[in-house]
Every structure is written in structure tokens, then in C-alpha cells.
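The values are calculated or read from the model by the stated rules, or taken from the named source; none is laboratory data. This is a predicted model, so every value here is computed, not measured. When we count neighbours, we look across all protein chains shown, and the Cβ atoms used for this are built from the backbone with ideal geometry, even at glycine.
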């Protein structure tokens, strides 16, 4: 199974681990995933760590999933609006789907995302978990 | 100036398996098993959790509770016997996952269930020496027990992080005392998936000798008596051992009971005693003295005495989940789901 390269994973660690976005110094737009140029054309961007809580905007339950997630079906994927208004798509874990609904409070958690076979790298990143459900 | 625990953070995975469900699979009498170990159910990590993710969650909660800039943490230690990698540290993943500076002392420690508390000793030393402003230790495990073997009834998952410093101390360290010997009560060889243990040998010459040795040694050296302590927390491999250790030290049940978590989540190994400590800190009052005695097979114990300060009340109001909150927040799984979550079903790579 071929996974993301180790250098790409390493370069993306701030984004994967701590939701580090880019904010445009000129127009203030926040980009996640990070970009190298803002839609306003500016290349003057600074790091911004996104908040770790938000609410679920919508979600779906996937029964057909990519090869890395075949053994984790069904997969719950949701659109989350963080407390500063930035929207991020991510996996929803530890959820009892029947209790999940738009508006549910969620928090960012740190989880395994993919493991490169038995001997390769374990890649970690952000996911979301319902709070108080 | 006071040195001690500035903050604590605990994490218990949401999933639980009941002892009776494990006993059903392996043909044991569940009532007898519960009676022997006093473990009703145990925590189970999710399929995408491991000792690293558990450590990060506990550490984030400790930082949130402390309200400090993570870049002020100058040392981070991870104590575990469930490393996802044989070679590649948990502590360096913590550095980037928590947003610490790169100028940080970091290492993973191994001494069965004692490593996390040894990290506490090391962090305290660096803070006392003035080498770092804050130090952190995390006890984290997804502990192993061979399916069908008695360890399986208790081996569970969880993590606790402690931040040590001089500024904003919630529990001041008064004394620490160690007791270590080469006692082969429990081990796991390189490459072995499950540990082995010396059956009854895990009790008298291992757990009790070292717990009692450290606790008595500390009390004799520093002049404490059992009545000095509001709470006493021991390592909790099962529900019976800590109660018996308390009885051997003439410590009444009401001082030990608030820190008992094993009945509800099993033995979280490096987080076991620290989880009981975190549970006590969640409710302790200024002036309370706490005796904490973790134990690691192989074998050794550190006995610590902390005095709770006024700061604890501030730390208790931060909205960080308490151990009690997490004991209630659970989803039960059956044995098949448990095997899948613990990655114990053999799959192609």
C-alpha cells in the first residue's frame, strides 16, 4: 500500500497536528488547508492556529471508503465550523451516529490517520469528536 | 519557593468492555473473576488511538487547565510500555502536537508502570535546578494482556499528564522516596506481543514489597504518619492490591477509596496511580496532603507527598473534563469489537 511520502507528511505536521492555518496579512482571510497565495493575490501570509472547538454543520456516514479506511467502516465525515467561523472537513470519531445532529458541539482530537503497513510510518492528525453526546 | 504540580490532565478512551463479556468468551465464571480482581469493566482505546494519541489528549488538557504558554515547557517525558514504535519517541511527537518550543529536553522512559512517575521525578529535578520553567511528564498506555490470560481482565488504556513548575503550584511536593530492586515479577521480551508474569510472585515480593518499602521509607525518613494524609493513592493493578497495601500501612479505607479507578477502567499501567492522583486533585481542598505511590514491575516504587495549595480551586474550575466525568462517559463494546479496536485481528498490511 503506497501512502503519502514521509517528507510531505513531515512538512504538513503543523497543519495535521495543530490545525495551523494561513492568514492573509493584507485582507485577513484565513485559509485551511494552508495556501501560498491568498485569493486577494497577496503572498504575505502568517501562521494562525485554529481553535480546537466548534459545531457540526453537517455530516455523512460513508460505507464505501478508500483503501486506508476499509477496516474502519462505516466512516463518519463532517463539516465543522470552528469557534472563529473557519470551516474544516474532518472525520468524526467516538460518535453514536443516531445521536449526532447538525449543531452538535465538537472538539478537535489527535488520532492515528493512516499507518504505512506494519513497518512504515504511523501518520497522525486531527479529527473531531462530539462533546456531551 | 514552592515546586510541585502546576496542572494535571487525564484522558480515558470512551469505550468499555465488561468483565463478564471477556469471561463469557474464555469460559470463566464472571462473578468469580470480578470477585478476584474487583474490576467490573475496563477502558478500550478506539481503533485510531494508541499511546501517542492518548498522551497528546492528556497533555493538551493539562496545558489547558494550567493556562500557560506551551513554549514555556522545557522538558517533556513519556512513560509507557505500549510504544507504537520500538525506535521513535512519543515525546518528540508531543513537542509538535502540543506546540512546544524546540529547545526542550525530551525522552521516552520505560520501567513497566513506573516510568511516568519517574518522569515526574526528572521534571521536578530540572525545575528545582532552575534549568526549565515548566516540565511535563505523561504516563500513557494501551496495555497488553494475552487473550484468555488473566491479565486480559485488567489491561486497559488511558493517560495522565502532569505539569511541574514553581509558578502557580496546585500541589506542592514535600518529599519523594524510591525503592527499587531486580524482581522478575512481570516482563515482555523484545518482539513479544504480550507480557508474562510470575503469577503469585507479582504480589508479595513485587507489588507489596516495593509499595510498602517506598511508603514506609518515606514516612520514616521524613516523619510522616498515616493520619497526616487526606488521600492515599497506590498503583492499581486490580481492586484488591491497593486496599491491602493500605491495610498493611494502617491507612483507613476512606483515604484510599476516592483515588480508586481500577474498578471502572481496569489497569491503565503508566496512568494507573496517576489517574487516581488526578481524580483526587479534581476534588482536593487546600491543605490536604496526598501520598502517591506508583509501582512498576521489575520492580520499583516512588512515594511522593504533596500538599494541596489554594491554586487547586482555580484549576478545578477550568472546565477540563474530570476523571469522574470520563468514568461516566462511555460506550460499551462486545468482545469482537474489542479485538478490532485493539488491533488484535491479523490483517494483511
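I need the helices (runs of 4 or more DSSP H) fully contained in region B:234-319, keeping only those with at least 3 residues that are touching a residue at least 60 places away in the same chain (Cβ under 8 Å), crowded, with 24+ Cβ neighbours inside 10 Å and in contact with a helix residue (DSSP H, G or I) (Cβ under 7 Å, 6 or more places away or on another chain). So that I can check it myself, show each step before the final result.
Numbers: elements: B:240-248, B:253-256, B:262-265, B:272-281, B:311-316.
By residue number, B:272-281.
Which count do you get for residues in region B:47-80 that are crowded, with 24+ Cβ neighbours inside 10 Å, in a loop (DSSP other than H, G, I, E, B) and either in contact with a helix residue (DSSP H, G or I) (Cβ under 7 Å, 6 or more places away or on another chain) or free of Cβ contacts under 8 Å to residues at least 12 places away in the same chain (or both)? Qualifying residue count for the region: 1. For region B:128-151, a residue qualifies if it is buried (at least 23 other Cβ atoms within 10 Å of the Cβ) and more than 14 Å from chain A (Cβ to nearest Cβ), and the qualifying residues are B:134, B:135, B:136, B:137, B:139, B:141, B:143.
Pairs are defined by a Cβ separation below 6 Å, a sequence spacing of at least 6 or placement on different chains, a first member in region B:203-214 that is without any contact (Cβ under 8 Å) to a residue 40 or more places away in the chain, and a second member that is assigned to a helix (DSSP H, G or I); the pairs so defined are B:212/B:248. Give region A:100-116 a look and list any residue that's within 16 Å of residue B:88 (Cα to Cα) and modelled with pLDDT under 95, or say none. Selection gives A:115, A:116.
Among the candidates B:87, B:95, single out the residue that is assigned by TED's automatic domain parsing to the domain that holds residue B:316, free of Cβ contacts under 8 Å to residues at least 24 places away in the same chain and assigned to a helix (DSSP H, G or I). Before you say what the answer is, go through the steps one by one.
Numbers: B:87 fails: assigned to a helix (DSSP H, G or I).
So the residue among B:87, B:95 that is assigned by TED's automatic domain parsing to the domain that holds residue B:316, free of Cβ contacts under 8 Å to residues at least 24 places away in the same chain and assigned to a helix (DSSP H, G or I) is B:95.
Of all the listed residues (B:108, B:69, B:50, B:40), the sole one being in contact with a strand residue (DSSP E or B) (Cβ under 9 Å, 6 or more places away or on another chain) and within 14 Å of chain A (Cβ to nearest Cβ) is B:50. As a summary of the residue check, residue B:177 satisfies the conditions (1) under 30 Å from residue B:21 (Cβ atoms); (2) not assigned by TED's automatic domain parsing to the domain that holds residue B:42 except for the one numbered (1).
As a summary of the residue check, residue A:105 satisfies the conditions (1) farther than 22 Å from residue B:60 by Cβ; (2) within 14 Å of chain B (Cβ to nearest Cβ) except for the one numbered (1).
Scan region A:8-26 and tell me whether some residue there is surrounded by fewer than 17 Cβ atoms within 10 Å (Cβ to Cβ), modelled with pLDDT under 95 and more than 20 Å from residue B:94 (Cβ to Cβ). Checking region A:8-26: at least one residue is surrounded by fewer than 17 Cβ atoms within 10 Å (Cβ to Cβ), modelled with pLDDT under 95 and more than 20 Å from residue B:94 (Cβ to Cβ).
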